[in-house]
Amino acid sequence: MQSEEQAVVASGKALKSRPVPFLAAAAVGIVGVFLTAVYTTPRSFGIPLMGLATAWILTTGVAWAAIVRRKVVLHKEWMIRSYLVAFAFVTFRFITDLLPGVTAKLG
């Protein structure tokens, strides 16, 4: 019985995928995150955003390296981590943008 990783490599699906559009989109998104982190006011919010951007680059890079080596299971695990970091950034940004309006209404 083949593992999932062996089945994907044997079927040739790993060789047919084109990662360039995804990598281009990820690169643009990550650059945007860094620019957002640099220009965020107050600066105390920019530092955690920079940390999240760095974590996003690292998790996506490890996932990409795993799929290049045809380690499909490892790639899936790191992509899940990458998505979690990406959504943590989105949630953090959403909360920081909403928080001033909410606190102003509360008094």
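Packing-based ranking of 75-82, 93-100 yields 75-82, 93-100, ordered from highest to lowest mean Cβ neighbour count within 10 Å. Extension gain for the segment Arg70 to Leu84, taken as residue separation times 0.36 nm less the Cα-Cα distance, is 2.8 nm to one decimal. Sorted from greatest to least, the principal axis extents spanned by the alpha carbons of the stretch 50-107 come out as 55, 18, 9 Å.
Every number here is computed from the coordinates shown, using simple stated rules; none is lab data. It should be emphasised that the depicted structure is a prediction, and the values quoted were computed from it without experimental measurement. A quick note on method: Cβ atoms are made from the backbone with ideal geometry, for glycine too, and the neighbour counts reach across all protein chains shown.
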